[in-house]
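J.: Below is one structure. I have some questions about it.
Derivation of every value follows stated rules applied to the coordinates shown; laboratory data play no part. Here the structure is a predicted model, which means the values were calculated and not measured. So basically every Cβ, Gly included, is an ideal-geometry build from the backbone, and we count neighbours across all protein chains shown.
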Amino acid sequence: MKKTIIISLIVAFVLIIFLFSTCYTVQENQYAYVVRFSKVEEVKTSAGLHFKIPFIDSVQYFPKNVQLYDLAPSDVLTSDSKAMSVDSYVLWKISDPMTFYKSLGSVSEAQNRLDAATYNALKNIISTMSQDSIITPSVEDGRNDLNVTVCNLVKEATSDYGIEISDVKIKRFDLPSENETAVYQRMISDRNQIAEKYRAEGESEATIMKNEVDK
């Protein structure tokens, strides 16, 4: 009797393991890749309970929703050979699951490619702009156009990866720490020169008016 109970428990345990190994669930924000012998057999895009061959098939999950990739600030050179630090981010998602898996295979590799593509786009565009044009307030007027241009270049560079670029945004421009003080001092000096010029012109006008009154 005891032996029969033990065998029954073992069989039940094996059946439970077998049952769980045949089932897998997919969430609304996921792609599920069924991999058999290192080859993707199918990609499940619909949420719910699905089945696979136990002990042979494995399942890998990738995000379906839009991903935010915040790039590390990178240094680029302006047209006048001055260094600027650019802080930016990319919004992207997997649009073609199979192409994504074959060309990239992981989210980390996708981020590496986005990093390189965004840096190259920023480098090429910033190299046509002077540092003064970037740090002056007028750059804000063209920031949106700059974002659009960078976004289009990144889209073009990543078009074969099965991903869709929603947006690329430059959060801020910074001066590298080694020349930040020097540039700010130059800006202060320029403003002081302008103020001194206006002050001298004002004093000259005042002298002319005083002479006119004395006559």
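J.: Would you mind counting up the charge near T158? Only other residues with Cβ under 15 Å from its Cβ, with Lys and Arg at +1 and Asp and Glu at -1.
T.: Summing Lys and Arg as +1 and Asp and Glu as -1 gives -3.
J.: Looking at this model, which pairs from K82/K102; K39/K123; K39/K169; K64/K169; K44/K155; K52/K155 are more than 31 angstrom apart at the alpha-carbon?
T.: In this structure, K82/K102; K39/K123; K39/K169; K52/K155 exceed 31 Å between Cα atoms.
J.: Let me check I've understood the local charge: for L91, count other residues with C-beta under 13 angstrom from its C-beta, Lys and Arg +1, Asp and Glu -1. What total comes out?
T.: In short, +1.
J.: When N is the residue count of the stretch 19-136, what does its C-alpha Rg come to as a fraction of 2.2 N^0.38 Å?
T.: With N residues counted in the stretch 19-136, Rg over 2.2 N^0.38 Å equals 1.52.
J.: First select every other residue whose beta carbon is under 11 angstrom from the beta carbon of K44; then total the charges, Lys and Arg +1, Asp and Glu -1.
T.: Neighbourhood net charge equals 0.
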